Each structure stands twice: as structure tokens, then as C-alpha cells.
Amino acid sequence: MRRVGVFVCWCGSNIAGTVDIEQVKAAAAKMPNVAYVEDNKYTCSEPGQAAIQKAIKEQKLDRVVVAACSPRMHENTFRRTVGGAGLNPYLLEIANIREHCSWVHPDKVAGTRKAVDLVRRAVYKVAKNVPLQRASIDVTKRALIIGGGIAGIQAALDIADAGQPVVVVEKTPSIGGHMAQLDKTFPTLDCSACILTPKMVDAAQNQNITLMTWSEVEKVDGYIGNFTVTIRKKARHVDTTKCTGCGICWSKCPAKVSSEFDLGIGKRKAIYVPFPQAIPNKPVIDEKNCIFFKTGKCKACQMFCPTGSISFDQKDELVEEKFGAIIVATGYEQWDPSPYGEYGYGRYKDVITGLEFERLVNASGPTEGKIKRPSDGKLPKDVVIIQCVGSRDEAKGIPYCSKTCCMYSAKHAILLEEKIHAHSYVFYMDVRTPGKGYEEFYKRATEEHHATYIRGRVSRVYQKGDKLVCLGEDTLLGKKVEVEADLVILASAMVHQNGASKLAQTLGISYDQNEFYTEAHAKLRPVETNTAGIFLAGACQGPKDIPETVAQAGAAASKVISLLSKPKLETEPLVAQVNEAICSGCLWCKPICPYKAIDGKVVKERIAGGKTIERPVAAVNASLCQGCGACTVACRTGAMNVLGFTNEHILAEVDALCL
Amino acid sequence: MLLTITADNLKSLLDKLARDSLLVAPVLEDGVTRLKPVKAASEIALDYSNTATSIKDFLFPQSEDLLRFVTDGTLSIEEIKPERAQVAFGIRPCDLASVALMDKVLTTGEYADTHYQARRKNTVLIGLACESPADTCFCTSYGYNPGHSAGADVMLYKDGDQYLAEALSDKGREVVGGPGEGLFKPADEAAGQAVKKAYAEKEVPFGKEVDVEGIDQLLDNFFDDQYWDDVSKKCLGCGTCTYVCPTCHCFLLTDEARGGEGLRFRCWDSCMFANYTKMAGGHNPRPSKKERVRQRFMHKLNYYPHRYHSYLCTGCGRCVAMCPVGLHIAGVIKDVKGVKAHA
Amino acid sequence: MSATFTDHQAALRDEVKKLLTDGSIKGFIGYARGRDSYHPVPAIVTRPDQVDGLILDQFSIFGLTKYLLDYIFEDGKMGIVVKGCDALGLGRLINDHRVDRNKVHVVGLPCAGVLNGEKVAKLGLGKVQRVTDKGSAFLVEGDKGSKELPKTEYLWDKCLWCENHNPAGADTLLGSEVENVAMKPRDFSDITALEKMPSAERAAFWTRQFSRCIRCYACRNVCPACNCRECVFDIADPRWVGNTVKLSEQQMFHFTRAFHVAGRCVDCGECERVCPMEIPLMKLQRKLQKDVIELFGNPKPFVPSEVEVLGQFRVTEDPEEFM
Amino acid sequence: MSVNEKAAPAAGPATNPTTATPAPEGWEPKIIGFACNWCTYAGADLAGTSRIQYPPNIRVIRVPCSGRINPQFVVRAFQRGADGVLVAGCHPGDCHYSTGNYFARRRYLLAKRFIEYLGVEPERLQVRWISGSEGQKFADTVRELTEKLRALGPQRRLRETL
């Protein structure tokens, strides 16, 4: 027989005002398994909790019902109270006789009758409660960061700073990401390299950080605290232990190729580092364009290499590493604006994207910072900047605003005027300057740097002589506008990294229709995903600028630090549980689980006639399961249950409330 | 003393019975003829070979509350006695015979079933001889016949547009003398006997194919025969045969409570169900269909005969007609006697 | 004149004998003669000498696939003869991971429709000698008379709108595939008729049906979609359906079983056919099929698919009625 | 517990549940509510903290997610005598577990039609998305359902007779 203690709270007059406490106590005393009933003015107060603990000990209670405010308010408080008295904290049920009763039903008779029913529900349910423990799983004290841009670098530094080892996997030969391509950064116009390269060097020198560039994540298994990740280290054909980064090899290499980093404006060799400040400053050989790999001849780099670091027969290497947490910081791509045939991108050399302009204006860029028109190298006098190219255009499949273009277009206008006294015409729909100091920056562009902002879309750009004629409309003046420009910069949209969805599937995280990764909760858990132990930082979660990216990187790092700092990871006890004896192994629960916490396993069993058989059953990974219970309804046998909200519980509650 | 009653008089007798007490009779509903309580003779359907389920529904109901208990602090128990008088009309000879077989189990020996006894006492059985036995009937195999009347309080034999009637017990005579007063006329003795003889000798085709003679001895050393393995494979393990059978009498006892009050009741259970002999801890002495199928036929054709000297089957043919896979007692009898009926 | 089932009987027996003797199967699930020509019964043979008991005739309707559940833990293969609708039942068992396809040797029986034994038996044609397919009718010749039976009248309803005449993925096929065309479109008119009834009248209809139920569980035990290892109705705690045989327990039983099979029913109709109390159980399943088709845009819910109907969702296309 | 009339066979109860005998004196409809912890239960709490008055006919059972609410619980409630049932959870897209209510929506699109098909009056089962900020909507839903049930009278079609 159970010995249930029922504690009815007055909550001052909040409950006692419209619920007859004595009647509730009298009714509770007659309910099955109830051994002790007590009321208290303020059960959640110190004396109130002490009274419960005293009663548990003296009356040898094995279950407690507190009839008071909403469980969402004090369930944890009373769990700690009950735990403090040596009783398992989960042998407790709360009857919500305040928010769901006394506060909303003025008629005392009906209110009291409902309060009695709600207490009976709790008494019937608590009889079925079983002691529950938080399971604990060990945590590999190591973090993985996918993507070596500013988000990945910042997160790595924060985690390493907390003394925890972290591995950064970067697809390209060097960390730095898109920020390395930028010249200046808004709103302070400080030079991107000056604020980025020191962090890159810190990351390289920090012994807690291992940089794995020219590598990609191939496979991810396991779950929070226990990820096993297979990483493909692509063949560099350069032995990084010997190479000093002296640069003789790429100066001697005869093969000239368009540089991805310089977006085709500059060239690079077959053996190359993407940009001068690359970290690690060790080259890779591009097999597709290396003459030796194409024809078997040349090997100039090997000949001239003073340290003999070149080895052509190096193969891709698959490395398996264990991690406790993963941060995805894979960043974004700039959208290729050629679908806007009317702008002539790709047809007219002098129609370039924002990033391409960054390479032109960048001092360490291919043109050493001289803004030379790609067509004839002349310095442009008049420049047209077109905003919202791709962004906010459902027809192009990009319904969202890319958030950063208004600001970097204003920056371009300022740089053009400052450096070469060029005059900018900015065609815009809205200028969005939400950040700190952003509006003031935009004011400087228009007032100090005389940028002309024209509210309207450009309908067509066509070549006339060596000029690019931009036809548009000024909707404020309500008249057509025609600007003859020497250079056209398209503020092209920020879109997902290509292959973003493939990586999401590898990791088991979800992504939205724009292939940006989905955060666990847009407002309350922006840097977490629905897959426990996997976090997000930066543009891979959606378009954002550097300040926001760095903030997210810090947030994600703090989540990882708190996860890895725990000796053991405690799992939520109210999770799903399989009764293997009656499970058919049909696994129709598996596709329901958003957290992929259910998998099949095989159990051995002796059946009638002494034969031992093997049969499949479902298995719940308690550290992934969040206890939503959607799988239990798919389980026809009732083998799948959610602790704390089992079928037995809910049926008992329905029966109790219908008496 | 043989009597006759016209169809109309029978109708008014039945109307009177329906008014005075609970009259149960064959009713056709959605294509199925079943024994159901009726309020008037007009609801009664008469062109049926036999009802889907038998009079057992009213003597040994599928669910029956035995006692009620209340536990608010103190425990009080109140037994539920089935006092209600009832009259069952249209009971076929094979079902009348089945009542006799049930009586042996439930009313003789050390422990009598008080509830069953009470119902038997409160029930008047009005038998109706079989005009057209179905092609699944084989009552003759057990020595019964379409005119068999033992067990009826009043036996009726349809004769043209009137009925030959015979009161066979005090209860029967009370019906004839009481509500039946003025409705019956004395019958010509010879003509009556002829009608009875015609029914007794009416042809039951399937009965000729099934010869139960000596089946109980044959089964004495048939327990480990491979036959049970073969024949039980096609069984679905459903309860149809046992729940339509007029002589099956296995039941289970359970309590159901609502809050502090509850009922102890019994309901039929079927030896064909997988969990019938499943014990606490999961052990099941009859783990597969083989043991269960064997148990059902051994009980009816061997165990019961050894104890009560008659077969626990009256050849009503319900299991023959309704077993979804055609695994029925007539087939088993033929097989065991070497007449291959089952693959 | 296309072949009837009986034309394949000899071929089936040879195939089974071969498979049993060469040990590639250790048993075969087929049909045998019942109490008369109109009610063939399942037969499970394990020895060559039993094979001649196997028959195939135009009345062989029983869905045999559920028997495979008795052999999932036995080593070796089990053979089974499978019509188009049975193939869906087998697909159901395989999709539910209850039967391993490599442990089954499937003998496919292309089917142009099965005669309804209940109806034909009432015509008094006596012992059936021969059945010939005349295209739009079957000619049934018995020792007490013969009759041409129009298919639209004497086949089982499900055969009329069947679009799965040929069992897919059979290991051996008896004869050649038949034309896979439905004689008439799938008919839900009886369901819409019930839907249109005022709710009190419909409640009375179902009260009458469920009051007849004797809880024998034949419908569950024959259904290929009801393949759980331990059925929820056999479990004592929690007690979903009480032992008492009364209307409310029957209502809970039939609601639960129908909903467990919702979106998974293969429309084989066996539950209704085996019910000893003739409760129109398919009026429950086909209502769910009709709703699944209308609500979730799944034209063929009765064909087993990789993901269950209720195991998936469409964010925007699923109807929204609960705002 | 009324005297057991089960002397009659499996023909079910003596009284046919569909004949509309009038409601007993002073009868109040009883509603069983299943509310998801993150949205509707919070919404109900909000109705409380905002002191929004509504009829005391509903008794709420808290579940982690609307995806946890098995249609068999609903039929069980009707069987045990509930006159109305409310199934409520987060608006699609708001689910704390991201997909729970999508499964609930599918299950109840089917279950609501099926329960009506079996003869229960349509108004008796209400399924609603009620968010954590919609205290007023929770109160209105309860009031509206109570009035409909008062008009309909006691639920007898699935109710067990003991």
C-alpha cells in the first residue's frame, strides 16, 4: 500500500479565497493510498517546505502531492524539498488548484469541487510514479569546430581559453574565411586583416587548438558527449612539418590559374597559399591544374624546394576523432547574380559583385588596392551600386533580406570617394541600418562622401562605348533615371554554403528551405540545434554581420565550455523507455523522433522449447531523447512509454477525473 | 399428454410471456439470427436453422457480475444474485442437449455454480424441433435427433400451420396451465406420436459422415501423435469456436474498480487464446497452438467423457460453420478415426 | 479465355513438392478443401506426402500471409502462395519488420478476381466440378447444376476495384500476369451514406453492430497489419480494454484496432469476412482509407510504403482545422 | 453503480445509448482537457495569472507535447463518462520539440472524423492550437465548449454502463 501525503496550500488568500481548504483536505483524506493530509498558508516558503520534510519523515510517506500553484512554477522547488527529505524527487505530483482553479472560478462551491477533482487526479497519478534517477554519461573533453572563418576562430579561441582542446576543420587551405577577403569593415572602417590576422595567429599558436585545414568532415556518429567524427584530410602534397613557407615553390611554379580567393580577379599558381597572411602559411598543390598531375612532367616545385617537403604521391587520409561537442560555423556564399540577365553580370567585365570589389580595393589584393576597372584598368569616375541583388526576391528563391549589404554598400561608397574621389550612385529599396553606429555611418556616406542614394530598382544595364548605362527609376521623384557609370557593383545576396544540406544530413541537424541551419528556438536558443551537443555560430544559421557572428561564436563557445566542464553529463530522467519484453521491433517509433534518439538493437531470448533466438527491439538513447512522447502514440503495443507521463499515468488520471 | 397450439395462439402466449417476464427468442438482425430479449412476439424470427450463439448466453452469460464492493475506509461486499425470471423460446434440440451437458459440470459434484443454478431455476426452456437441419449439423452422430426434447420444459413440433406441444416438466406445465391457459387443445395421441417420430427420423446428412463411436478410447493414446502438429498449424488462435460453442464453459474472474467502488465479475475465456494458461512470470504450459488445439478436442472428446460418460458436444455445427479456417470437431473426429478430412 | 486458379493447381503441387524435397523450404502455406467446394481452408504442409492435399480453386480467398509470423524464429524458408491482395499483406508484414523477405519463398498467383463462396453456395449447384472464366462471368459447373455468374455480382467487392491483380516480387509465378485493370472504380458510397446519416442514427447503427461482437478476436488474428508481438488487448496492465463483454468495451476495442491499422490497412477485407457475427468491419477501415486519401493526398494508402501515413506529416499541405 | 442489468446477454446495456433521455437535474457537463506543457498549459496558467474567469467544467491533464496525446485516451475519457474532450497544443511551428504537433495534427484530423463516424456528436471533441500567450483564447474555448455541451446534454454514446 502506498502512503501518500497531501499538502494543500492556502497561498495566502489566492487559493483559500475561492476554495474551501478544509473540504479539500477532508475529501483528500478519503482518497485511496492517502495516509496524511496537511494544509499550509505558504507551502513554497521555508517553513512550508520544512513542514513537508517533517511529515515525510514522521509519517513515513512514500509519495507526496502538493495542491498549490502551477507545476510550471514550483515543481522543481518541491522536487528539491522532497529530495531533501530523502525521498526520490520524482515521487511527487502537483495539483494546480491556483492558476487552473481558484484564480479563474469565483464560485466557491464549484471551485472546491474542481479542486478536489484535481487533487484526486494527482493522488491517482502519484500512486503510479516510480523513483527516477538522472542517468549520467561520460563526456569526451574535446570540441570540434567545422569552418575556420571568424566564427570558428572566435569560438575556438574562447574554448581553448577555457582550457579545453578544440579541433578546427577548414575546407580551404587556410583559416580566415570570407572576412579575410574584405578590405575595411563597417561601421568603424578598421581594416579587416588588422583585426582578423592576429586572431588567426593566436589560433595557430594556441596549443589547445588544432587546425585541420584542407580537410572536410566525412561522417558523424554518436551523440552528445560521445561524437565519433571521421575527417578527410585531403592530400596537400606538401609535408607541413618540413615546409617553412618560404614561397620559392609557388614563385617557380609555371602553372597560372584563376584564384578562387580573389574571385577570378587575380591569379594563383598550381602550388599556392590562398592569400599572403594565410594560416597555416603552407601551400597545397591543386591536382587539377598542376602540370605534373596532368602530364607527369615539370616537378619545378620539388626541384627548388630547399626542405624537400613536396611529395606528389601523398593520398587523402581519413582520420577518426572523438568529440564531446560540435560547433557548426561554415559561413555563407555570395550569390552568383547572373540570373539577373538585365544587369549583365558575366557579360560586362565592369559589372562586379561586392566581394569582388573588396578584392579590388584590398591593399593585399591582386591590384594592390588600386580600384582598376577589370576591363581596361582605368580608375572609375562614376560608380553605380545596386542593392538587394537576389535578396528579398522570391522569384530568385531568396525571400529573405541579407542584412549586411546596405552597410557594406555604404562602405564601398565611402571608400570609392576617399580613395579615388569616385562618385557613387546607390539604387536602393530600403536602407537598413539597425546596428550600433550604423545609421551614423550611412549619414557619413551620403553627407561627407556625397554618395547619391536613389530609391528605385535598376531595370537594365547596357554597354555604351566604354560606359555602362544604368536605366532605373527614382520612385521618390517619380521619374526615370539614367546613370552612365564606369563601374557597377552588385550587392549580391548572402546564401548558404554549397553542400550545406549534405553536411546537415551528415550531422543530423535540420535546415530551412534556404538551407540555413535551424536553431533550436529562434529567440531563446539561437545557437543550439535540436540535436543535443551540436551548436551553431555565424552566417550558416542565417545572414549576419561580423559583430553578430562574433557574439554568436562566443555564445556557442560558452555552451560548449559548460557542457565539457561537467565531469559527467546528466540526462533528463523524464525520457522515453522501451519495454523490450513486448516490443515487436517494428520500429515505427523511429521516424517520429525529431532528435533521432531511437534506433533498433537486437536482444537474445530463450523461447518455449529452450531455443535461444535473436529479435530486433527499439532502443532509446536517453541522452538524446527530450521526452516529448510523440513516439509512444506510434507504438501500438504500448511498449514505448515516457517516464513521468506513461500510458498508465494518463489512463489513471482520466479515470480519476471522470469518477 | 400431447397438445396442439395454433400459430396465432402461440403468438399470443409469447406476447403474454414477454409482458410478464423476460422473454428471450431468436431475432434476425443485420443478417444474423440471435437469441435476444424481445418485447413482443412480432420481433421473433422463425425461419432459421439455429441461432448464431446459443442459450448458453442466458444461462452462463459471457459477462456476469458476481459481487459488488465498496472501499471508502471500510470494505463492504454485496453478492449479486440473478433472480430475474426468464423464458427462452425457440431452443433447438442440440442446444437443449448442451444444457444437460453444462448442468453436469456446473450443478453436480462438490462445487455447484450458484449463479448458474439460480439462472437454471429461473429459466423456462421452450424447445422447438428442427424443421430443416443445416448442412453443418451432425447431432445424430451423438445419438440426438431433430426431435430430441430432453431438457425442454415445453417442446414444440411444427406441424403444418399449428404446433404439436408437450409439457415435460412442472415449469412446462405451469406455462401451459398459466399464461397458456385456453390456448392449447389436446392432440390426437397417434397423430402426435407420428409427428414426433417424423422429426426423430428426419435426415441429417452431415450427421451420417461423422461417426463418433469409440473416439474417446482412440484418443487415449493419441496425445503425442504428429497429427496435432499438422492440424494446429492453420488455427488462428481466435476464440470463435469456443465462444459460439454451447458447451464450452471456461471463464476467468477479474475485479474492475471505479475509485473506491468496484465489481468482481466473470467472463468467458478461451483455451485457444495464447494467454489462456500464461502464468505470472511468463511461463505458459501451453506455449503453442499445438497444445491448445489438442486441449480443446481432448477435453470434449476424451477428458469430459471419462468423467461424465458423454461427449461434450451435441453436433450443433456452429464451429463447423464459423471456424474461419475450417478446423472443427467433426473434421478432427474423422481424422482421428482415419477418415482423412484435414490436409 | 484466361486461366482459372484450378489450372495452376498441378503446377503449384509440383513446385511445392520440388521445393520440399530439395529442402529449399521447410513448409508451404496454401489452401486445402474445406467442408464443401465453396469454403477452401488454409493448409500448412511440411511433408511431400501432404502436398496432394493442396488445392487452388476460384474460391481461394483466405489471406495466408499472417501465418508467416509463426515461423519468423524458425531457421529455413517458408513457402506461400500469394495473390495480388495477399502480396500487399506480405508487404505490410515486411514493412513492419516482422517478416524477413529472404525467409519466404513466394509463389505468385495472378488473380482476375475470387468468387464469393458464401453467395455461390446459396445457388445449390452442389459439388463443383469445373469453373471456367468467360471474361465477364465465371461458368460454375456443379453436380446439381451449373450457372454463369457475372463477375460484378459474384466476386468479392474488393476484387471489383482491385488494382493489384499481379503479386509483385514473387519468386515463382503461376502462369502469366493478368491484365491489371479494375473492373470499377473504388467505391466509398456506403461510407458516404453512413457519413450523411444524422449522428444519432449512425450511433444506433454502430451500437447494433458492436453489441453483436463476442470479442473472439478473429478479426485481429487474421489481419496482416495486426502483427504485434504482444497485442495491447492481451496486456493486463495498463488495461486499455476491459474483459467485460459490453458495448463500451467493444467500442474501445474496435476504435483502437481500427486506428492502429489506420493508414496501414491493405484492404484485404479478411477481418469482415472471418467475423462470426458478420459485423461490417471494413466500413471502419474504408472510412479511414477514404479520409487518408482526402486529407493527406495519399492516393493508395493500402499499398504499404516506406513511411507510415501517421509516421509523417506535411508542414503546409496538411489541412489546418484546429486554429 | 446502477444494478447490473447484465442478466441480458452480450446485447449490451438495456438502455439504448442513443435515445435522448433528458439530463439529470443540476447536471453540469464534464470536460477532460489534454494540454501540452509548453504552450496550452502555459496559456491556461496565463488565464489564471490574468484572472480571466471561465466555467469550472474543464479538468486539465498535463502532457509534455500534443504529440503525446493518444486518441485512445480521448475514447477512454468518453467511455468513463466525459461529456466533452479538449485536445490542445502549440501552433504548428511553435512546438518545443519542433515536430510533435505536426504528428498530433495528422492523428486528430483522422481521429476526430473517425470518432464522429462512430456516432459521437462532432462538438464533443475539440482540437485547438492554443499558445502560451493565448490565455483569453483558452478561457473562450472552455466557455464555448461548455455552452455547446450544455445544449447537447450528457454524452451517452460511448459512456460505459456498469
Taking every alpha carbon pair in chain A and sorting the distances into 20 angstrom bins from 0 up to the bin holding the longest one, the percent per bin comes out as 16, 35, 28, 17, 4
Largest first and rounded to whole Å, the semi-axes √(5λ) derived from the alpha carbon gyration tensor of chain B read 34, 29, 16
Residues whose modelled amide H sits under 5 Å from the amide H of A:Ile145, counting only those 5 or more places away in sequence or on another chain, are A:Val167, A:Val168, A:Val169, A:Ile327
Expressed as a percent, the portion of alpha-carbon pairs in region C:148-206 spaced more than 17 Å apart is 60
The base-10 log of I(q)/I(0) that the Debye equation returns for region A:576-643 at q = 0.19, 0.24, 0.25 Å⁻¹, one scatterer per C-alpha, is -0.67, -0.97, -1.03
Contact order relative to length for region A:333-495, counting C-alpha pairs under 8 Å separated by 6 or more residues, stands in percent at 31
Once normalised by the length of chain A, the mean sequence separation of its alpha carbon contacts under 8 Å that are 6 or more apart gives a contact order in percent of 13
When chain C is treated as a Gaussian network with springs between alpha carbons less than 10 Å apart, the largest mean-square fluctuation among C:Val232, C:Val106, C:Val45 is found at C:Val232
Rounded to the nearest 10 degrees, the helix A:71-84 long axis (Cα) sits at an angle to the longest Cα principal axis of chain A of 70
Here region B:131-140 yields Karplus 3J(HN,Hα) values (6.51, -1.76, 1.60; θ = phi - 60°; whole Hz; Gly and Pro given as x) of 7, 9, x, 6, 6, 9, 7, 8, 5, 4
Per its Cα gyration tensor (rounded if a/c is under 1.5, else prolate when a/b beats b/c, else oblate), region C:212-284 is best filed as oblate
For chain B, the helices passing both cut-offs (Cα extent along own axis of 18 Å or more, Kyte-Doolittle mean at least -0.5, full DSSP H runs) are B:93-107
For chain B, the charge dipole (Cβ of Lys, Arg +1; Cβ of Asp, Glu -1; about the Cα centre) points to a positive end, and the Cα of B:Leu183, B:Leu14, B:Met272 closest to that extreme belongs to B:Met272
Per the helix-only model, the protein assembly as shown has a calculated mean residue ellipticity at 222 nm (DSSP H runs of ≥4, -39500 (n - 2.57) each, divided over all residues, rounded to the nearest 500) of -8500 deg cm²/dmol
Shape descriptor, region A:309-358: equivalent ellipsoid semi-axes (Cα gyration tensor, sqrt 5λ, whole Å, largest first) stand at 39, 20, 10
Gyration tensor on Cα atoms of region D:87-162, a ≥ b ≥ c root eigenvalues, a/c under 1.5 rounded, else prolate if a/b beats b/c, else oblate, says oblate
The simple spin-label model distance between A:Lys349 and A:Gln133, using points 7 Å out along Cα→Cβ, in nm, is 7.5
So for region A:275-401, using the alpha carbon gyration tensor with a ≥ b ≥ c as root eigenvalues (a/c under 1.5 gives rounded; past that, a/b versus b/c decides prolate or oblate), I'd call it oblate
If every Lys and Arg gets +1 and every Asp and Glu gets -1 at its Cβ, then about the Cα centre the protein assembly as shown yields a dipole, in debye to the nearest 20, of 2080
Once both label points are put 7 Å beyond Cα along the C-beta direction, the B:Ala7-B:Asp103 separation in nm becomes 3.2
Exposed-loop cut sites defined as GluC sites (Glu not before Pro) in DSSP loop states with at most 16 other Cβ within 10 angstrom; longest site-free run of chain D spans D:26-162
Given a Förster distance of 22 Å, the FRET efficiency implied by the Cβ-Cβ spacing of B:Arg307 and B:Lys278, rounded to the nearest 0.05, works out to 0.30
If amide H atoms are modeled at 1.01 Å from N in the peptide plane, then the residues at a separation of 5 or more from A:Lys267, or on another chain, having amide H under 5 Å from its own are A:Ser259
Scattering profile of region B:217-343 from the Debye formula, Cα beads only, expressed as log10 I(q)/I(0) at q = 0.19, 0.23 Å⁻¹, is -1.13, -1.57
At q = 0.14 1/Å the base-10 log of I(q)/I(0) from the Debye formula over the alpha-carbon atoms of region A:333-495 is -0.66
The ³J(HN,Hα) series, computed from each phi in region A:152-160 with the Karplus coefficients 6.51, -1.76 and 1.60 at θ = phi - 60°, rounded to the nearest Hz and given as x for glycine or proline, is x, 5, 4, 5, 4, 4, 4, 5, 4
So the FRET efficiency between B:Ser76 and C:Arg208, C-beta based with R0 = 60 Å and rounded to 0.05, is 0.95
Scoring only Lys, Arg, Asp and Glu (+1, +1, -1, -1) among other residues with Cβ under 10 Å from the Cβ of A:Ser192 yields -2
Long-range alpha-carbon pairs in region A:4-128, meaning those over 19 Å apart, account in percent for 38
Under Stokes-Einstein, the protein assembly as shown at 10 °C and 1.306 mPa s, with its Kirkwood radius over C-alpha pairs, diffuses with a coefficient in µm²/s of 42
For B:Leu66, the residues 5 or more places away or on another chain with a placed amide H closer than 5 Å to its own amide H are B:Arg264, B:Phe265, B:Arg266
Relative contact order as a percentage, region A:1-89, C-alpha pairs under 8 Å and 6+ apart, gives 37
In order over region A:115-124: 3J(HN,Hα) from phi, Karplus 6.51/-1.76/1.60, θ = phi - 60°, whole Hz, x for each Gly or Pro, gives 4, 4, 4, 5, 5, 4, 4, 5, 5, 5
The distance between the Cα centres of region A:379-404 and region B:140-161, in whole Å, is 98
Simple spin-label estimate for A:Glu440/B:Ala191, 7 Å along Cα→Cβ, in nm, reads 12.5
Dipole check, region A:576-643, charges on Cβ (K,R +1; D,E -1), about Cα centroid: among A:Val633, A:Ala597, A:Leu587 the Cα furthest to the positive pole belongs to A:Leu587
Taking 0.36 nm per residue of separation between A:Arg2 and A:Lys219 and subtracting their Cα-Cα distance, the length gained on full extension comes to 73.0 nm
Residue span C:Ser176 to C:Lys196: 0.36 nm per residue of separation minus Cα-Cα distance leaves a gain in nm of 2.8 nm
By the Kirkwood definition, with r running over pairs of different Cα atoms, region B:1-148 has a hydrodynamic radius in Å of 17.2
With +1 at each Lys and Arg Cβ and -1 at each Asp and Glu Cβ, the charge dipole magnitude of region A:576-643 around its Cα centre, to the nearest 20 debye, comes out at 140
Site C:Ser305, offset 7 angstrom along Cα→Cβ, radius 17 Å on amide nitrogen, limited to region A:592-615, gives A:592
Footprinting proxy, A:Ser174, B:Ser21: sorted fewest to most Cβ within 10 Å, the residues are B:Ser21, A:Ser174
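Readers should treat all values here as calculations from the given coordinates under stated rules, not as data from a laboratory. Please read these numbers as outputs of a predicted model, since none were measured by experiment. FYI the Cβ positions are ideal-geometry reconstructions off the backbone, even for glycines, and counts take in every protein chain you see.
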